[in-house]
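Here's the structure, in structure tokens; my notes come after.
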Amino acid sequence: MISTLTKSIFINGEWREVDTNQTDTIYNPATLEPITEVAHGGAQETKEAIEAAANAFPMWSEMTGRKRSRVLYKASELMRKDAERLGEILTMEQGKPLKEAIGEVKGAAGFLLWYAEEASRGYGEWIPSSIKSKRMLVIPKPVGVVGAITPWNFPSSMITRKLGPALAAGCTVVLKPSPETPLSAIEIMKIFEKAGMPAGVVNLVTGDAEAIGKEMLGNKEVKAITFTGSTAVGKYLMRESADHVKKVALELGGHAPIIAFEDADLEKATTLALGSKFRNNGQTCICANRLYVHESIADEFTTLLKEKVEKLKVGSGLEKDTDLGPLINEQATNKVQSHLDDALSKGANIVCGGQKWDGDLQGHFYPPTIISNVTDDMVVMNQETFGPLFPIQTFTDEDAVIKKANDTDYGLAAYIFTENTSRTLRVAEKLDYGIVGVNDVFPAVPEAPFGGIKQSGNGKEGGHHGMDEFLEKKFVSIGIE
Ligand code: NAP
């Protein structure tokens with residue numbers, strides 16, 4: 001147990017508790033043991049945090065990009081140097097294997113580094129005028145105070161993907177992390193503090209999602225909401241942002257298909273499929289939810305994949321050789337079970353896994369599971385499972401499988417495994433997704449735009465594109481003599 005963190009709320013450069021002394025207990029999902037307690041903040045703390053952010057906005061936004069860059073750069077360095085310790089904290093609260101957690105922290109630091117570099121490049125535009133007596137320019141301006149809400153599946157990188165570009169653009173921020181994983185958020189605030197971030201520029205409120213969210217949505221000072229999480233909550237935030245016409249950037253759920261064509265390199269493709277489905281135990285918005293394999297390679301593909309899956313070691317993320325940690329909570333294991341039960345009741349077969357977890361630990365574990373003989377009416381083929389259940393369906397026709405892949409309201413990521421260049425381009429163009437991975441299942445990098453279309457969201461994180469969510473474009477039209 002870490003000592004109790006009642007002072008987990010960070011407002012205007014100060015660590016605070018709540019007046020009610022109310023706390024939430026944070027549990028280790030691998031052991032179900034309590035790790036620590038954090039303050040249960042609500043509307044009042046959020047209001048104060050917004051006020052602090054609004055007060056800090058003129059100073060931070062008027063600072064040169066170069067100066068903002070230095071703070072972000074230092075934070076990135078501090079984070080990278082402390083990656084092992086931060087990774088352990090992340091594994092303790094979230095469950096993922098330590099090597100994945102350390103990788104996430106380094107990736108999170110990578111986003112701060114990228115946006116430290118972008119902070120100096122807030123270019124505007126000079127528009128050649130059609131009227132001789134006019135000059136026209138476009139000036140990018142930071143939107144103002146940003147409300148950032150993040151999920152538990154990537155407790156570190158989901159924060160820096162938002163705060164990096166927001167801060168680089170000149171915005172100030174109030175962050176609400178997931179109640180399951182606030183410890184990484186607290187550590188990130190401490191890093192900003194050490195890096196010399198001026199008071200009020202970043203603020204953190206842990207606690208009551210509904211109350212914090214309502215204050216963010218109802219407070220006129222908050223000009224933009226940036227959210228990563230479920231589509232249902234994203235829709236609510238979008239609706240409730242209408243009254244003040246806030247800018248809203250949403251990174252929502254997905255239902256990624258993998259299509260393995262007959263010309264795929266089977267060894268490579270099965271390793272990639274394994275990585276896509278089982279990284280973070282299937283709790284990744286872009287992880288494959290369904291696998292379409294060409295009929296002519298299906299038997300060999302399934303056998304190879306099964307062999308690889310059966311070698312995965314399930315256990316506490318803190319054990320060195322663990323490949324698959326626990327799921328985040330009981331609701332998550334129940335969801336996987338319900339998707340499996342539904343598929344089995346409709347005729348699916350278990351290729352491997354599917355039995356109840358029989359390890360020593362008490363946590364929320366679920367064995368990695370593959371099912372075959374899968375049909376389109378099964379829940380797993382239509383809803384996000386967010387767990388280690390992999391359904392395999394076969395196909396014969398390219399156009400038909402593209403149609404199936406696109407037949408969903410989600411549009412975050414899709415993957416194809418092929419060694420054919422014409423097919424790569426033809427299929428990538430036709431897939432209705434914000435991200436298409438071709439023989440690549442890890443497309444989230446700081447330098448490229450990441451985000452969904454359709455009901456998977458409407459913003460981009462990463463690349464220079466990530467800054468757009470936090471900038472207004474002011475048009476200045478000048479009449480001259
Ligand atoms: P979630 O239930 O939507 O929660 C996300 C965050 O929103 C949490 O901090 C949550 O706090 C908060 N929240 C919930 N209701 C709220 C409200 N009324 N007002 C303000 N905040 C509220 O999602 P999750 O289960 O944590 O995360 C998994 C989902 O995130 C999956 O669907 C996954 O696909 C998606 N995701 C998408 C991306 C992407 O880049 N597109 C990346 C990662 C994850 P509470 O838990 O306290 O309710």
- Task: Take the alpha carbon atoms of segment 55-100, find their center, do the same for segment 395-440, and report the distance between the two centers in whole angstrom.
- Result: 35
- Could I have the simple spin-label model distance between Asp243 and Thr271, label points 7 Å from Cα toward Cβ, reported in nm to one decimal? 5.4
- Going by the alpha-carbon gyration tensor, a ≥ b ≥ c the square roots of its eigenvalues, is segment 296-438 rounded (a/c under 1.5) or, if a/c is not under 1.5, prolate (a/b greater than b/c) versus oblate? prolate
- Query: With every protein chain kept in the model, how would you rank Val438, Val293 by accessible area, 1.4 Å probe, largest at the top?
  - Reply: Val438, Val293
- Query: Taking the Cα centre of each part, how many Å lie between segment 202-280 and segment 355-388?
  - Reply: 22
- Item | In sequence order, calculated HN-Hα J values of segment 115-128 (Karplus, 6.51, -1.76, 1.60; Hz; x Gly/Pro) | 7, 4, 6, 5, 4, 7, 10, x, 5, x, 9, 10, 9, x
- Note on the structure: Expected sort for 280-286, 157-163 on mean C-beta neighbours within 10 Å, highest first, is 157-163, 280-286
- Across bins of 20 angstrom width beginning at 0, how are the C-alpha pair distances of the chain distributed, in whole percent? 24, 53, 21, 2, 0
- Acute angle (nearest 10 degrees) that the helix 209-218 long axis makes with the longest principal axis of the chain, alpha-carbon atoms: 40
- MRE, 222 nm, helices only [DSSP H, n ≥ 4, -39500 (n - 2.57), over the chain, to nearest 500]: -12000 deg cm²/dmol
- His465-Asn420 pseudo-label distance in nm [points 7 Å out on the Cα-to-Cβ vector]: 2.7
- Query: Angle between the Cα long axis of helix 182-194 and the longest principal axis of the chain, 0 to 90 degrees, nearest 10?
  - Reply: 40
- Item | Phi-based couplings in Hz for segment 279-287 (Karplus 6.51, -1.76, 1.60; Gly and Pro marked x) | 4, 6, 6, x, 9, 10, 4, 9, 6
- Leaving ligands, DNA and RNA out of it, rank Lys356, Lys7 by accessible area with a 1.4 Å probe, largest first. Lys356, Lys7
- Item | Sites Ala448 and Asn406 - FRET efficiency at Förster radius 25 Å, r taken between beta-carbons, to 0.05 | 0.65
- Query: Which angle from 0 to 90°, rounded to the nearest 10, does the C-alpha axis of helix 266-278 make with the longest principal axis of the chain?
  - Reply: 60
- Task: Could you sort out which of Lys308/Lys335; Lys454/Lys474; Lys96/Lys277; Lys268/Lys311; Lys214/Lys246 sit more than 20 Å apart by Cα distance in this structure?
- Result: Lys308/Lys335; Lys454/Lys474
- Item | Accessible surface of segment 256-445, 1.4 Å probe, proportion on carbon and sulfur as whole % | 46
- Here the percent of antiparallel bridges among DSSP beta bridges lying wholly in the chain, to the nearest 5, is 40
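The values are calculated or read from the model by the stated rules, or taken from the named source; none is laboratory data. In this text, all values refer to a predicted model and were calculated from it rather than measured experimentally. Note that each Cβ is placed from the backbone with ideal geometry, even for glycine, and that neighbours are counted across all protein chains shown. In case anyone asks, the SASA skips ligands and DNA or RNA and just uses the protein heavy atoms, side chains included. Shrake-Rupley method; radii C 1.70, N 1.55, O 1.52, S 1.80 Å.
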